Amino acid sequence: MSELTDTAKVPSSIMEISAFDPDARDDPHPRLKALRDSCRVLRDEAVKTWLLTHYDDVRATVNDRTFVRHPINAEEGSMTRMMVDPDDPDGRRSSILFQDDPDHSRNRLPLVKAFYARIKKMEPEIEAMIDQVIDAAPKSGRFDLMEHIAVPLPVMIIAHILGVDETRLDEFRDWSEGVILSLNPLRSPEEAAYMMASGEKLDAYFTELMEARRKDPRDDLISDMVMAQADGGAFEDDELRTNLQALLVGGNLTTTDLIGNGVWLFLTHPEQMQALKADPSLAANAVEEVLRYEAPVQATSRIVSEDREVAGCPMKKSQPVFMSLAAANRDPTKFDAPEAFDITRKRASHVSFGGGAHICIGAPLARIEARRVYQKLFERYPNMSLPDQEIVWRTLPFFRGIERLEVAV
Ligand code: HEM
């Protein structure tokens, strides 16, 4: 045990570090520091879950392929077990996010191959789309950066990569907003109905697109995937549809928050913004530092597959292990001056995309989008500043993002 911090009480439950708690929502870092300094492994009995906060423990656990992921493997009464879909208890319809091998590799490998090739090929188009959206934002005065730039861009870009018809883009955006509500456990009955209806419409649309591309392939990801399937790819249509939806759900809010958190950090750290303006080639490094400093996804998890020791603690089969990525990212044993936001920091090997078999599949895309936005935004708006306002953080547990970010240009 090292010394206790005197700035925050050491949390005794996972909820106290989640966005459900108003203090943690505004700023989770004092509590995460208190926990990291005093408690290598927290046991939260109320939700039957372990929590790791040290960088080395988090890194070793995400990378360790002997843990499992599907919530059906988690013990009854645990937070993870509550995520089992009652209509799909054995996970036959779950996306790669919750699959285990052999299904996980069978589905993930062909998707990764096609997706990475697509992103590489489309990088110039993606950059051009970003430039257009930023060029179309208000010329002067004040505007909400989230509404005009950070929210619309990721959906527009993934729609383009997938091959969504221009004429269906508005509908697609609407359905995407519906399915993204699956991340929000506080959704109202109306939102739940909207989410279900959107899922059905997206399924129908993906079915239609897959059929169309089988007959007439185009230069898009859906064509790549149906061709890979025809070439012997061992995945079914419904698996492909589920994973295409996972790209939508996994990639939108997170990238929106990477853009929003980054712009807010630059505007509140003018010397860093100055450094970026003076040398725009720092943008790629800046993306890594924003990811480290305000991770859009604050935690990930694994499930113990057999009795063993984890982070020095005896753990039992089927116990879930949560990992605070945000705490690991400011671990002083790994990062010098971890509380400083410094875009010139030597490339920071944060854990914001997780690791191992489940490492975020969208990381290369998120990196391209954020890098180009940071470069283009301050080029178009060299005098951007932050008007007085209350920054309201999203109430979504284990995500960190800003609701509205008014900027003056
Ligand atoms: C800043 C943006 C993003 C962040 C911070 C982020 C973060 C994460 C994290 C923490 C995981 C879990 C990794 C683990 O447990 O080891 C994950 C998985 C995943 N992400 Fe992302 N993500 C981002 C963007 C994207 C994008 C753009 C896409 C797709 C277009 C995407 C799709 C996925 C998928 C499909 C998975 C599941 C992978 C698997 O389990 O095999 N993410 N992401």
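At 1.4 Å probe size, put THR256, THR207 in order of accessible surface, largest to smallest. Walk me through the intermediate numbers first.
Values: THR256 10, THR207 55 Å².
Output order, biggest surface exposure first: THR207, THR256.
For ARG36, the accessible surface of its heavy atoms amounts to roughly 20 Å² (probe 1.4 Å, protein chains only, rounded to the nearest 10).
Between ALA234 and ALA284, the simple spin-label model (points 7 angstrom out along Cα→Cβ) gives 3.6 nm.
For segment 323-328, backbone phi angles converted through the Karplus equation (6.51, -1.76, 1.60; θ = phi - 60°) give residue-by-residue couplings of 10, 7, 5, 5, 5, 4 Hz, Gly and Pro being listed as x. Distance between the 7 Å Cα→Cβ label points at ARG380 and THR333: 4.5 nm. Calculated FRET efficiency, SER182 to ILE359, Cβ-Cβ distance, R0 = 22 Å: about 0.55 to the nearest 0.05. Computed from backbone phi with θ = phi - 60° and the Karplus coefficients 6.51, -1.76 and 1.60, the 3J(HN,Hα) list for segment 313-318 is 10, x, 10, 9, 3, 6 Hz; x is used for glycine and proline. For segment 139-155, backbone phi angles converted through the Karplus equation (6.51, -1.76, 1.60; θ = phi - 60°) give residue-by-residue couplings of 6, 8, x, 10, 8, 8, 4, 5, 5, 7, 10, 5, 7, x, 4, x, 5 Hz, Gly and Pro being listed as x. Placing dummy labels 7 Å off each Cα toward the beta-carbon, the span from MET83 to GLU211 is 3.4 nm. Ignoring ligands, DNA and RNA, what percent of the accessible area of the chain is carbon or sulfur (1.4 Å)? Of all accessible area on the chain, carbon and sulfur atoms account for 53 percent. Using the rule -39500 (n - 2.57) for each DSSP H run of four or more residues, divided by the residues of the chain, the 222 nm mean residue ellipticity is -15500 deg cm²/dmol. What you get for the chain, charging only the Cβ of Lys and Arg (+1) and of Asp and Glu (-1), is a dipole of about 1000 debye around the Cα centre.
Here, segment 14-408 yields an orientationally averaged convex hull projection of 19.1 nm² when only Cα atoms define the hull. With a Förster radius of 45 Å applied to the beta-carbon distance between ARG65 and ALA408, the computed FRET efficiency rounds to 0.40. What shape does segment 1-137 take by its C-alpha gyration tensor, where a ≥ b ≥ c are the square roots of the eigenvalues and a/c under 1.5 counts as rounded, a/b above b/c as prolate, and the rest as oblate? Oblate is the answer for segment 1-137, as a/c is 1.5 or above yet b/c matches or exceeds a/b.
Placing one equal scatterer on every Cα of segment 265-369 and applying the Debye formula, the log10 ratio I(q)/I(0) at q = 0.10, 0.18, 0.19, 0.23 Å⁻¹ is -0.36, -0.92, -0.99, -1.28.
With R₀ set to 35 Å, the beta-carbon distance separating ARG93 from CYS313 gives a calculated FRET efficiency near 0.55. Remark on GLY163: its backbone amide H falls under 5 Å from those of LEU221, a criterion applied only to residues 5 or more positions apart or on other chains, H modelled at 1.01 Å from N.
How long is the gain from GLU191 to GLU166 if the chain were fully straight, where each residue apart is worth 0.36 nm and the alpha carbon distance is subtracted?
On the way: separation 25, 0.36 × 25 = 9.00 nm, distance 2.62 nm.
Gain on stretching GLU191 to GLU166: 6.4 nm.
Taking amide H positions as placed in the peptide plane 1.01 Å from N, state which residues far from VAL310 in sequence (5 or more) or on other chains have amide H under 5 Å from it. Here the answer is MET315, since their amide H atoms fall under 5 Å of that of VAL310. Between GLN274, GLN319, GLN375, the residue with the greatest mean-square fluctuation in the GNM of the chain (Cα pairs under 10 Å linked by springs) is GLN274.
The values are calculated or read from the model by the stated rules, or taken from the named source; none is laboratory data. Fair warning: this is a prediction, and the values are worked out from it, not measured in the lab. Neighbour counts are summed over all protein chains in view; Cβ atoms, including those assigned to glycine, are modelled from backbone coordinates with ideal geometry. Accessible surface areas use protein heavy atoms only, side chains included; no ligands, DNA or RNA. Shrake-Rupley method; radii C 1.70, N 1.55, O 1.52, S 1.80 Å.
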